[in-house]
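The values are calculated or read from the model by the stated rules, or taken from the named source; none is laboratory data. Note that the structure is a prediction, hence the values are computed from the model and not measured. Note that we place each Cβ from the backbone using ideal geometry, even for glycine, and neighbour counts take in every protein chain shown.
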Amino acid sequence: MRCDGVDFEVSGGREIKVDTRGQDIENSRLITYILGTAFGVVGIQRGLIPMHGAAVDIGGAAAIIAGFSGSGKSAIQSALIMDGYKYTADDVSMVAAKSGTPFVIPSYPQRKIAAAAAMEIGEQVAEAELCVEDDRDKYTIRKSSEWLDKELPLTCIVELVPATRKDGRVFAPEIREITGHASLKMVLRNQYRPYLSAGIGNTQERLKQLLEITSSVKTYQVIRPAEGFPLKETARMIAEACFFASDE
């Protein structure tokens, strides 16, 4: 794999080799790629399902907050953390689905949040590292006290969907349960870098794992305004839905 002129080689689900080709690359840029795409390949090689989302401990079970880049995953995660919840993974959540109940494997005590979102929810970022990702200012936050180093059963996946009404009117975020074939499609499109899975491992076995995930967990969509939405209220709405899912 190549990113910004740097070559990465992942082998056996255990080793990542980096070749900077003599370039002077900042460590923060290398770490971002290693803990993102390279980490996703490690999981695939180990037979895991990497989901593009943040995993948060709600009621002793994992809820994955998923969605495309810019959908508000990190902002919702941060709002939940400020409400006292802990997270096990940020951006790439590794799911094991081979022995009954799917579960999320903890990753590392680092998360990101857009600068605008941090300001909105009042998160203190004085000691955080500021970087630019996807043309947006983001803070990298490393606080081990917020992170839970523990495998958790996966009971809930929530997809954030920014939307605009045809009449242009402002609307409140709403949550709805997704079932059946629509649930499988939602999980499929929220895999982390799905193109990476194409040439790695057993495709049939991976599909069986995805089917096991969708048959074992509750799946929801949160339809939220494309331009701004109440972060704290939306986070609490998600926590309530996933808490009841973990209690069933």
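Quick notes on this structure:
- Of all the listed residues (M51, M82, M94), the sole one being surrounded by fewer than 23 Cβ atoms within 10 Å (Cβ to Cβ), within 19 Å of the chain's Cα centre (by Cα) and at pLDDT 85 or above is M82.
- Residues being within 15 Å of the chain's Cα centre (by Cα) and assigned to a strand (DSSP E or B) - total across region 156-204: 7
- When every residue of region 114-124 is checked against the conditions, at least one turns out to be surrounded by 14 or more Cβ atoms within 10 Å (Cβ to Cβ) and assigned to a loop (DSSP other than H, G, I, E, B).
- Scanning region 194-217 for residues that are basic (K, R) and surrounded by 15 or more Cβ atoms within 10 Å (Cβ to Cβ) turns up just one, R206.
- Screening G67 on (1) surrounded by fewer than 17 Cβ atoms within 10 Å (Cβ to Cβ); (2) on the phi > 0 side of the Ramachandran plot shows it passes everything except condition (1).
- Test: residue in region 218-227 that is crowded, with 18+ Cβ neighbours inside 10 Å and either more than 20 Å from L80 (Cα to Cα) or more than 19 Å from the chain's Cα centre (by Cα) (or both): no
- Any chance F229 is of a type in the set (F, W, Y), within 22 Å of E174 (Cβ to Cβ) and modelled with pLDDT under 80: no
- Within region 1-15, if we keep just the residues that are of a type in the set (A, V, I, L, M) and buried (at least 16 other Cβ atoms within 10 Å of the Cβ), the residue that is modelled with the highest pLDDT turns out to be V10.
Matching residues to (1) of a type in the set (D, E, K, R); (2) not assigned by TED's automatic domain parsing to the domain that holds E205:
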{"position": "F8", "(1), (2)": "no, yes"}
{"position": "E15", "(1), (2)": "yes, yes"}
{"position": "D24", "(1), (2)": "yes, yes"}
{"position": "R29", "(1), (2)": "yes, yes"}
{"position": "A38", "(1), (2)": "no, yes"}
{"position": "V42", "(1), (2)": "no, yes"}
{"position": "G53", "(1), (2)": "no, no"}
{"position": "V56", "(1), (2)": "no, no"}
{"position": "A75", "(1), (2)": "no, no"}
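- Residue-level check: of (1) crowded, with 22+ Cβ neighbours inside 10 Å; (2) free of Cβ contacts under 8 Å to residues at least 12 places away in the same chain; (3) among the charged types (D, E, K, R), R165 misses just (1).
- Among the criteria (1) of a type in the set (D, E, K, R); (2) surrounded by 13 or more Cβ atoms within 10 Å (Cβ to Cβ); (3) in contact with a helix residue (DSSP H, G or I) (Cβ under 9 Å, 6 or more places away or on another chain), the one E174 does not fulfil is (2).
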